[in-house]
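Inspection log for the structure reproduced underneath, given as structure tokens.
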Amino acid sequence: MDEATIKAEARKLFERFDKDQSGILDRKELRGVLECFLEENAKEVGIPAQPVTEEDVANFAKELDVNDDGHVNKGEFVSMITFMVEKAQKASA
């Protein structure tokens, strides 16, 4: 998958989780992202998904909030997802 496609999919993913359409992901919305990712990964390896803790959400928010303004905006989310997908693609090549 090329970078433009990854970014387009990441934008769609952001919009899926931005329930209030505010343009930022709050803690509740970030929890949803993490739960979805963990559930999907657990299915792939055949294990039960682990519950998401407040610490997990805080760490995820800190990772994504590149400009440290206390919010995760679409640009930050898309950049991180693009980085993660490209890294996974390289690892599996």
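Here is how the numbers come out for the structure above:
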{"quantity": "Reachable lysines, given that their alpha-carbon falls under 23 Å from the alpha-carbon of residue 62 and they are not under 8 places away in the same chain", "calculated": "7, 12, 19, 28, 74, 87"}
{"quantity": "Theoretical ellipticity at 222 nm over the chain - DSSP helices of four or more residues, -39500 (n - 2.57) apiece, nearest 500", "calculated": "-23000 deg cm²/dmol"}
{"quantity": "Mean separation of Cα contacts under 8 Å (6+ apart) over length of the chain, as relative contact order %", "calculated": "36 percent"}
{"quantity": "Among 27-38, 1-12, the order from most to least packed when residues are scored by Cβ within 10 Å on average", "calculated": "27-38, 1-12"}
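No value in this document is a laboratory result; all are computed from the given coordinates. On a predicted model such as this, the values are computed, not experimentally measured, just so you know. Positions of Cβ are generated from backbone atoms using ideal geometry, with glycine treated the same way; all protein chains shown enter the neighbour counts.
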